[in-house]
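The values are calculated or read from the model by the stated rules, or taken from the named source; none is laboratory data. Just so you know, these numbers come straight off a predicted model, no measurement behind them. Every residue, glycine among them, receives a Cβ derived from its backbone with ideal geometry; neighbour counts consider all protein chains shown. Just the protein is used for accessible areas: all its heavy atoms, side chains included, with ligands, DNA and RNA removed. Shrake-Rupley method; radii C 1.70, N 1.55, O 1.52, S 1.80 Å.
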Amino acid sequence: MRRRAKIAVATVSGKAYYKLVNELKNRDIPFLSLVPGDSIPQSIKVVVTTEKEKPLIDHQRILVYDAEKDPSDTISEALRIIMNKEVYEELVIGVDPGKTFGVAVLADGRPLRREELSSMEKTIDFILTELRRNPAKTQRIRIGKGLPDLANEIARRLEVSVSEKVLIEMVDEGGTSSLKNGGFKKKLSDADSAIKIASKKGEIRLRGVAK
C-alpha cells in the first residue's frame, strides 16, 4: 500500500529541488512536488521551499532550505514535524561493522536513515552528525559484536567523542544478517542488518573499562 505524502517540496530552483528530492528518495520518504503558489492538500504537514519563494507558500509549517547547504538537517527537521516531535523520546543508531559498515538511525522505532560506509572514520563522523541533528531524550548506539575487535574499537573511539549521556551497547548479531522468507533465508544488506541491530537490546558498555 502506497504511503501518503506528508512533506511537500515547493520550489522552481533546480538545485534546491534536486538536493532535497535526492535526500528524500535516499531515505525512502514519500513527498509531493509542488510549484510555489499551488494549492496544498490538507494531508501535507510541512512544506519545504527557499527563502525567496516562501512568501508564495500558504501553509502553517514552512521550512526554508538554502541550496548551498546539505539538505539532511532540513529533512530531519521535516520528519520531526510530521511525527509531531520537537524532541524524540529515543534515538537509536545501529552499527554493523565489517568490510563495509552498515549504519541505521531509528527515531522512536521509525527508520530515518540507513547507509553503507567504507571506513570506520566515516562511520563515526556519520554517527556524531546524526546524534547532533536528531535531539532525543535518550540516545543509544548499538554496535554488533560479530567482529569483537572491530566492534570494541568503534566503541572506544565513540566513548571519547560522545556525551556520557549517550548509551553504548554491544549487541549479539544472531539473527541480524538474514531474513526468513518462507523456508529460505535471505541475506540482508549491511544497512538492513544495522536496522536489526538497532532494534535489538544489547549489553550496556561501561565507560573506561577495557574490553
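Can you name every residue in the stretch 67-105 that is among the charged types (D, E, K, R), assigned to a strand (DSSP E or B) and surrounded by fewer than 24 Cβ atoms within 10 Å (Cβ to Cβ)?
Selection gives 89, 90.
List, please: which pairs have Cβ atoms under 7 Å, are six or more places apart or on different chains, and start with a residue in the stretch 21-40 that is on the phi > 0 side of the Ramachandran plot and end with one that is surrounded by 13 or more Cβ atoms within 10 Å (Cβ to Cβ) and modelled with pLDDT of 95 or more?
Close Cβ pairs (under 7 Å, with a partner that is surrounded by 13 or more Cβ atoms within 10 Å (Cβ to Cβ) and modelled with pLDDT of 95 or more) amount to 37/56.
Given (1) modelled with pLDDT of 95 or more; (2) assigned to a helix (DSSP H, G or I), where does residue 132 come up short, assuming only one miss?
Residue 132 satisfies all of (1) modelled with pLDDT of 95 or more; (2) assigned to a helix (DSSP H, G or I) except (1).
Scan the stretch 74-92 for residues that are of a type in the set (Lys, Arg) and under 20 Å from residue 127 (Cα atoms) and report the count.
So in the stretch 74-92, the residues of a type in the set (Lys, Arg) come out as 80, 85.
Right, trim to under 20 Å from residue 127 (Cα atoms) and you get 80.
Counting residues in the stretch 74-92 that are of a type in the set (Lys, Arg) and under 20 Å from residue 127 (Cα atoms) gives 1.
Within the stretch 3-60, considering only strands (runs of 3 or more DSSP E) that don't extend past its boundaries, which have at least 2 residues that are open to solvent by 60 Å² or more (accessible area, probe 1.4 Å) and either among the small types (Gly, Ala, Ser) or in contact with a Gly (Cβ under 9 Å, 6 or more places away or on another chain) (or both)?
none
How many residues does the stretch 141-150 contain that are touching a Gly at 6+ places or on another chain (Cβ under 7 Å) and modelled with pLDDT of 95 or more?
So the first thing to find is which residues in the stretch 141-150 are touching a Gly at 6+ places or on another chain (Cβ under 7 Å), and the list is 142, 147.
Then keep just the ones that are modelled with pLDDT of 95 or more; that gives 142.
So the answer is 1.
Return the residues of the stretch 32-53 that are over 23 Å from the mean Cα position of the chain (by Cα) and aliphatic (A, V, I, L, M); say none if nothing qualifies.
Within the stretch 32-53, 34, 35, 40 meet the criteria.
Evaluate the stretch 176-185: report whether one residue or more is polar (S, T, N, Q) and modelled with pLDDT of 90 or more.
The answer is no, given that none of the residues of the stretch 176-185 is polar (S, T, N, Q) and modelled with pLDDT of 90 or more.
Determine which single condition residue 138 fails, assuming it passes every other condition in (1) surrounded by fewer than 15 Cβ atoms within 10 Å (Cβ to Cβ); (2) at pLDDT 95 or above; (3) more than 14 Å from residue 91 (Cα to Cα).
For residue 138, the failing item is (3).
Just one of 173, 159, 164, 115 is among the acidic types (Asp, Glu), modelled with pLDDT under 95 and over 21 Å from the mean Cα position of the chain (by Cα); which is it?
Of the residues listed, the single one that is among the acidic types (Asp, Glu), modelled with pLDDT under 95 and over 21 Å from the mean Cα position of the chain (by Cα) is 164.
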